[in-house]
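**Student:** The structure under discussion is supplied below as structure tokens; questions concerning it will follow.
The values are calculated or read from the model by the stated rules, or taken from the named source; none is laboratory data. Just so we're clear, the structure is a prediction, and the values are computed from it rather than from any experiment. Counting neighbours? That spans all protein chains shown, and the Cβs are built from the backbone with ideal geometry, glycine included. Surface areas here come from the heavy atoms of the whole protein model, side chains and all, with no ligands, DNA or RNA. Shrake-Rupley method; radii C 1.70, N 1.55, O 1.52, S 1.80 Å.
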Amino acid sequence: MKKKSIVPELLLWAIVFASFYSVALAAKQGDFNPDISLTLDGRYGSYSNDTDYELPGFMLGAEATRGEQGFHLGHNELSISSNVDDLFYGKLTTAIADHEGTTEIELEEAYIETLTLGQGMKVKAGRFFSDIGYLNNQHGHVWDFMDAPLIYRGLFGNQIIDDGVQLSWLVPTELYFKVGVEATRGERFPAGGAANEGKGAQAAFVKFGDDVGVSHAWQLGFSHWRADIEDRESGGHDDLAGAVSVPTYSGESQVSGIDFIWKWSPNGNSRERNLKIQAEYFTRKEDGEVELAGSNPLAQTTYQGDQSGWYLQSVYQFIPRWRVGYRYDHLSANNEGSDAAVLAEAGLDSEGHTPERSTLMLDYSHSEFSRIRLQVAKDDSYEDSDTLVFLQYIVTLGAHGAHRF
Amino acid sequence: MKLCIRSISIMLTLIISPPLMAKINVFACEPEWASLVDELGGERLSRYTATTAYQDPHHIEARPSLIAKIRRADLLVCSGAGLEAGWLPVLLRQAGNNRVMPGKTGNFEAATMVERLDVPIDVDRSMGDVHAAGNPHVHLDPHRIQIIAKALLARLKSIDPEGAEYYQLRFNDFTQRWQQAIQQWEQQAGALKGIRIVVHHRDWVYLFDWLGIEITGALEPKPGLPATVGHLASLKQMITATPVDMIVHTPYQGPRAAKRLAQITHTPVVELPYTVGGAEQVNNLFDLFTVTIATLKGGLK
Amino acid sequence: MNWSAIDLSILGPALIAGLLVTATHVPLGQRVLQRGIIFLDLAIAQVAGLGLIMAYSIGWEPGGWLVQLVTMSAAIVGVLLLYYTDKHWPQIQEALIGSLFVLASSGSILLLATNPHGGDQLKELLAGQILWVGFDQIMPVAILYSAILFLWFGYARRANSLVFYLLFALTITASVQLVGVYLVFASLILPALAIRNMPKYALVYGYIVSATGYVLGLVMAAIFDLPAGAIIVYSLALTAILFTGYWKVTGKVQFKELPGD
């Protein structure tokens, strides 16, 4: 849930200047200063459809929009991380975004991680991106496309971030084999209401990975997330009387997923050319009740939700600094309930439509710290096909952010 | 029956964890350190190399296989001084192996054992990907390798005290051969003193410092940025005014920019192995310098 | 009592094998108990064992993929057979399952009759060889089980009998080679029995009961120098009984009868 900013813009600029100054001071890694990095992200968008965005069959969270048209800011992030002592590593990431004229500061990550438990074990606690799936734990500025895959938007409201604890274990096998479990609060979308006194959601995942020769590497993951949900809100609708009623869901939710990624580069040297192929599949079952809060008389229905979807994307760097990528998304929803009209009002009626989307992108990275991207998509999320064109810049200032596989 | 089970258990214990046969797991970030580890550690070590001569050590993917290997390592031997800053910290955090975290005995940073060149006064990103702790490519100076070998010996002894004598013997043998080889190389490289070379990236600083070769320019306009046509043009101007003897690049740097510049300035272009495995005949550190010096002399003709 | 035998480097892979078997057998066991097809798993495990022995008798390499293929095919054929008989002659299904078990066991004995190591191999099949499992054997099982768990939790509600039986066959084929026929049965049924009346978090409790049983059993096998497979069956029974006893004594759980009782 976003908090409305109470920080005046002046203080915001003070924070930005202070971080620039600290970046200048903290030249070396291994200094006592934390690693500070600032990501600046600006965009220009153009759509062919004027209608509101919908994803029939899925209750969308507040974050799951296609972005604004014209010039607008994307996801600017300030991230501070460091080893705390020899036992812990800590990281904080705030996203500074502008929504309809108001600057909002959102705490995206604020967690500590153990460094020296040994035996391949690690505990992470605080607010963090869940490690289910492949893309979920990556920051938006690292993505190969400007926006999240459609299944992430539909099921997770872009990414699952929650407050809680994670325990993971790297099994001492030759192959990379990691197992982890998470227990979290379950208040943020797609969970809701912090059920069970703030212990509403749990997750489990396994990841395998290895090299094939010098030029290829792969990673395969299976994950499961479940939550008890009380009053999960999604985007509001207007009913005929003009009052805004907000669909809310209470019940159980279970998500299972597979993710797979394959990377190739000649001789393992990814600077010249490299190819990445990535696919994820998720399926969700929900069982509970949907209400249109604020409607009078109170409209409600039982609801058995059955949604699934996948995406397949491939990115190829054909000469140094230039990359081209293609992504295909495909979703399907088959929801049932006692009152079809209420389901439809809540956006849960698939309307016999299969949402899909094709995206093509081209980006140029002058160095590993700056990138400019052009992205074109044919979006069939709902019945009116939409053509989206985006231009985006992403620059990172500060610490040499090391990224995951 | 019970005897049978007991004897099988004993056999298994011997096979799985005998102190006599347990090898120390060493994770070497680059092939040059892998080679040094082999020289000093021999049969007592089981060594894994993270990168090859055909990969840019600044930019390695943090692959799952590396995480699994680091998890089992007893000793990490890397260059340090920021060379692996783009990928090693993430791997260390994910591997959860407290023996090899920075500052621990199991974490050996070769570049911090010797005096470094090119330490910048101020640093900022507009200067490109500059290493704030000085140039980390320290393996290209045989004198520095000797110093690092001594430090590595001490580290091996502290991790595996039972092997102390074994390592000492191997070190003495290595030192003898190495010092002899250095004398030979310095003799052979006499003709290379004072020649002028254009490099691709400033990874040759230590080699040329030892051999007395001048680095006149670099194909990269700034460290980490690939060569651009505009920069080639300015290099061409400079070379026309003051000619250089050759252009040099590594196996992991695409030869196109170097070849182009060679064409337009009629200068010989030469690929040097840079590290162990960078050319067919380069199987260890001795070969590395022998072949490098021979190739440089060949380029002069 | 040999306390020094508790060495993680020896017991480590066995422990992980046990946890892997726990991961799949607790949820599958719940379903087996619900459907009342208790002896199906014994029969299928024995059929898979027969497949394994057939493959060895032909002389194929143990651990080779061809052997795995034959074993898995045997299990799937057995499962399809029982699915078919269930559809057509449900009244005598229990008798047919028992007959299949006995036929498969006798088949193994016949095949191994001329083999001097026959007795050992049979014992291995029944009591398993969990202590000799290595990490390289564990990896393919870990990947297979992750895929099976994904299919299970992702599609549990939609699973019809056939899908369940097939997933079951795949799981049992892998686990019978790790832990043996008796331990497969014990891992499926004992924890499921313990948790059958839990109103909430049944699966979590099932995992805890099963994992505890495995750890306890492995430790005892190490200390007392006994066959691990057999003693883990007892430790699983012990943890299941203690668990049930605890809930009965504290009176928080209402004990219902199984459907059809």
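**Student:** Largest first, what is the accessible-area ranking of C:Leu111, A:Leu331, C:Leu20 with a 1.4 Å probe? Kindly include the intermediate steps, with their values, before the conclusion.
**Tutor:** Numbers: C:Leu111 65, A:Leu331 0, C:Leu20 20 Å².
In descending accessible area the options line up as C:Leu111, C:Leu20, A:Leu331.
**Student:** Can you tell me, using C-alpha contacts under 8 Å and at least 6 residues apart, the relative contact order of chain A as a whole percent?
**Tutor:** On the way: 1052 pairs, mean separation 60.4, N = 405.
Averaging sequence separation for qualifying contacts and normalising by length gives 15 percent for chain A.
**Student:** Averaging sequence separations of C-alpha pairs under 8 Å and six or more residues apart, then dividing by the length of the stretch B:186-300, give the relative contact order as a whole percent. Provide the component values of the computation, followed by the final result.
**Tutor:** Values: 172 pairs, mean separation 25.8, N = 115.
Computed over the stretch B:186-300, the figure is 22 percent.
**Student:** What's the magnitude of the charge dipole for the stretch A:293-405 around its Cα centre, counting Lys and Arg as +1 and Asp and Glu as -1 at the beta-carbon? Answer in Debye, nearest 20.
**Tutor:** Computed about the Cα centre, the dipole is about 1080 debye.
**Student:** Helix A:9-25 against the longest principal axis of chain A: what's the angle in degrees, Cα atoms only, rounded to the nearest 10?
**Tutor:** Roughly 30 degrees between the two axes.
**Student:** Based on a Kirkwood Rh over C-alpha pairs, give the Stokes-Einstein translational diffusion coefficient of chain B at 20 °C and viscosity 1.002 mPa s in µm²/s. If you can, show how the numbers build up before the last one.
**Tutor:** On the way: Rh = 20.9 Å.
Taking Rh from Cα pairs, D becomes 102 µm²/s.
**Student:** Identify, among B:Thr250, B:Thr265, B:Leu45, the residue whose Cα sits farthest towards the positive end of the charge dipole of chain B, taking +1 on the Cβ of Lys and Arg and -1 on the Cβ of Asp and Glu, with the dipole about the Cα centre.
**Tutor:** B:Leu45
**Student:** Using alpha carbons only, what's the Rg to Rh ratio of chain A with Rh from Kirkwood?
**Tutor:** Working: Rg = 21.5 Å, Rh = 22.5 Å.
Value, to two decimals: 0.96.
**Student:** What figure in square angstrom, to the nearest 10, would you give for the accessible area of C:Lys200 with a 1.4 Å probe?
**Tutor:** It works out to around 110 Å².
**Student:** Can you tell me what percent of all Cα-Cα pairs in the protein assembly as shown are more than 42 Å apart?
**Tutor:** Values: 217922 of 467061 pairs.
The share of Cα pairs beyond 42 Å in the protein assembly as shown comes to 47 percent.
**Student:** Then there is this: By Kyte-Doolittle mean hydropathy of at least 0.0 and Cα axial length of at least 15 Å, which whole DSSP H helices of chain C are selected?
**Tutor:** On the way: long enough: C:8-35 (40 Å, 0.99); C:40-58 (27 Å, 1.69); C:65-88 (34 Å, 1.07); C:93-111 (27 Å, 1.45); C:135-155 (29 Å, 1.41); C:161-179 (26 Å, 1.97); C:181-195 (22 Å, 2.47); C:202-224 (32 Å, 1.85); C:228-250 (33 Å, 1.40).
Span-like helices here: C:8-35, C:40-58, C:65-88, C:93-111, C:135-155, C:161-179, C:181-195, C:202-224, C:228-250.
**Student:** Let me check I have the definition right: for the stretch A:313-405, take the eigenvalues of the Cα gyration tensor, multiply each by 5, take square roots. What are those semi-axes in whole Å, largest first? Before the final figure, lay out each step's value.
**Tutor:** Working: eigenvalues 279, 49, 29 Å².
So the equivalent ellipsoid measures 37, 16, 12 Å along its semi-axes.
**Student:** How large is the accessible surface per residue of the protein assembly as shown, computed with a 1.4 Å probe and reported in Å² as a whole number? Each step should come with its number before you reach the end.
**Tutor:** Numbers: 42150 Å² over 967 residues.
For the protein assembly as shown, the solvent-accessible area averages 44 Å² per residue.
**Student:** Excluding the sites themselves, what is the longest stretch of chain B that contains no GluC sites (Glu not before Pro) in a DSSP loop with at most 16 other C-beta atoms within 10 Å? Don't skip to the end; give the middle numbers.
**Tutor:** Values: sites that count: B:Glu115, B:Glu280.
In short, B:116-279.
**Student:** Another question, then. Normalised by the number of residues in chain C, what is the relative contact order in percent for Cα pairs under 8 Å and 6+ residues apart?
**Tutor:** Relative contact order of chain C: 31 percent.
**Student:** What whole-number value in cubic angstrom gives the convex hull volume per residue for the C-alpha atoms of the stretch B:215-297? Don't jump to the answer; show the numbers that get you there.
**Tutor:** On the way: hull volume 8.0 nm³, N = 83.
Spelled out: Cα convex hull of the stretch B:215-297, divided by residues, is 97 Å³.
**Student:** With each pseudo-label sitting 7 Å past Cα toward Cβ, what's the A:Glu336-B:Ala164 distance in nm, one decimal?
**Tutor:** Here the modelled spin labels are 7.6 nm apart.
**Student:** Per the helix-only calculation at 222 nm, which mean residue ellipticity applies to the protein assembly as shown, given -39500 (n - 2.57) for every DSSP H run of n ≥ 4 and division by its residues, nearest 500 deg cm²/dmol? Intermediate values should be presented prior to the final figure.
**Tutor:** Values: 24 runs with 366 residues, N = 967.
Roughly -12500 deg cm²/dmol at 222 nm, from the helical runs in the protein assembly as shown.
**Student:** For the stretch A:144-242, what ratio Rg/Rh do Cα atoms give with a Kirkwood hydrodynamic radius?
**Tutor:** Values: Rg = 18.0 Å, Rh = 16.0 Å.
With Rg and the Kirkwood Rh in hand, the quotient comes to 1.12.
**Student:** Let me ask something additional. If I model a spin label as a point 7 Å beyond the Cα along the Cα-Cβ vector, how far apart are those points for B:Arg256 and B:Arg196 in nm?
**Tutor:** 2.8 nm
**Student:** In square angstrom and rounded to 100, what buried accessible area do you get between chains A and C, total over both, with the probe at 1.4 Å?
**Tutor:** Numbers: alone 19630 and 13420 Å², together 31400 Å².
In total, chains A and C hide about 1600 Å² from solvent.
**Student:** Charges at C-beta only: +1 for Lys and Arg, -1 for Asp and Glu. How large is the resulting dipole of chain A about its Cα centre, in Debye rounded to 20?
**Tutor:** 1960 debye
**Student:** In Å² (nearest 100), what accessible area is buried between A and B, both sides summed, heavy protein atoms only, 1.4 Å probe? Write down the numbers at each step before the final one.
**Tutor:** Details: alone 19630 and 15200 Å², together 31090 Å².
In total, this chain pair buries about 3700 Å².
**Student:** Once Lys and Arg get +1 and Asp and Glu get -1 on their Cβ, which of A:Leu312, A:Tyr382, A:Pro297 lies farthest toward the positive end of the dipole of the stretch A:262-405?
**Tutor:** Most positive-ward Cα: A:Leu312.
**Student:** Give the Debye-formula value of log10 I(q)/I(0) at each listed q (0.13, 0.19, 0.23 Å⁻¹), with one equal scatterer per alpha carbon of the stretch C:141-207, two decimals each.
**Tutor:** Results for the stretch C:141-207 at q = 0.13, 0.19, 0.23 Å⁻¹ read -0.42, -0.92, -1.23.
**Student:** How many percent of the accessible area of the protein assembly as shown is carbon or sulfur, using a 1.4 Å probe?
**Tutor:** For the protein assembly as shown, the apolar C and S fraction of the accessible surface comes to 61 percent.
**Student:** Taking 1 over the mean of 1/r across every pair of different Cα atoms in the stretch A:340-390, what Kirkwood radius in Å do you get?
**Tutor:** Numbers: mean 1/r = 0.0742 Å⁻¹.
Hydrodynamic radius (Kirkwood, Cα only) of the stretch A:340-390 equals 13.5 Å.
**Student:** Let me ask you something else. Per residue of A:112-118, count partner chain C-beta atoms within 10 Å of its C-beta, then hand back the mean as an integer. Before the final figure, lay out each step's value.
**Tutor:** Working: counts 0, 3, 3, 7, 6, 3, 4.
Average per residue, whole number: 4.
**Student:** How much of the pair distance distribution for the stretch C:72-144 lies past 21 Å, counting alpha-carbon pairs only, in percent? All intermediate terms of the calculation are to be shown ahead of the outcome.
**Tutor:** Values: 1290 of 2628 pairs.
That fraction is 49 percent.
**Student:** Would you please name the chymotrypsin sites (Phe, Trp or Tyr not before Pro) within the stretch B:224-296 that are DSSP coil residues with at most 14 other C-beta atoms within 10 Å of their C-beta? Provide the component values of the computation, followed by the final result.
**Tutor:** Values: sites: B:Tyr252, B:Tyr274, B:Phe286, B:Phe289; in loops: B:Tyr252, B:Tyr274.
Hits after loop and neighbour filter: nothing returned.
**Student:** Shifting gears a bit: May I ask for the angle, rounded to the nearest 10°, between helix B:142-159 and the longest principal axis of chain B, with both axes built from Cα atoms and the value confined to 0 to 90°?
**Tutor:** Compared with the principal axis, the helix lies near 20 degrees.
**Student:** Relative to the longest principal Cα axis of chain B, at what angle does helix B:229-241 sit, 0 to 90 degrees, rounded to 10?
**Tutor:** The answer is roughly 60 degrees.
**Student:** Separate question: Plugging the Kirkwood radius over Cα pairs into Stokes-Einstein for chain C, at a temperature of 10 °C and a viscosity of 1.306 mPa s, what D comes out in µm²/s? Intermediate values should be presented prior to the final figure.
**Tutor:** Working: Rh = 18.9 Å.
The Stokes-Einstein estimate is 84 µm²/s.
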